1. State the extension gain, in nm to one decimal, for the chain segment bounded by residue 147 and residue 107, taking 0.36 nm per residue of separation less the distance between their alpha-carbons.
2. Under a crude label model (7 Å from the Cα following the beta-carbon direction), how far is residue 74 from residue 18 in nanometres?
3. Could you give me D for segment 2-159, from Stokes-Einstein at 20 °C and 1.002 mPa s, where the hydrodynamic radius is the Kirkwood radius over C-alpha pairs? Units µm² s⁻¹, please.
């Protein structure tokens, strides 16, 4: 199973991914694999490769890695900006069990949070090229609490599959 969390910087992707992972451990004794976009870029020495083509190449890498791990029986949680609709559609087509979560957090709220200081620096690297998800399983705004988000996603994990999690 792949749980793919997308949204702009500051939307809460990593926070949600970590909370889902923690809840799976505590409630179901399941250890998921968490793939965070920032960490993967750091590991691959790709933090400064922000061109469209470099981002697309990295996105394909995330998708293929998540599928490979899922095919081996792992639950994979991916937290990444994930700007490309074709990659999200590929995920939906090629992963037997796939849940897509779009954190549609307002720009004002993202600027208020600004965990990496990108908005303060005036860096807007993806707004122009971000392709909003067309068919996410969940679309959360800041009106939905983290606890609600976690519970809805975990419920979907168990309701849409025959996993004996």
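Quick note: the coordinates plus some simple rules give every number you see, no bench work behind them. If you're wondering where the values come from, they're calculated on a predicted model, not measured in any experiment. Neighbour counts run over all protein chains shown; Cβ positions are idealised from the backbone, glycine included.
1. Additional length available on full extension: 12.2 nm.
2. Each label point lies 7 Å from its Cα, and together they span 1.9 nm.
3. Here the translational diffusion coefficient equals 135 µm²/s.
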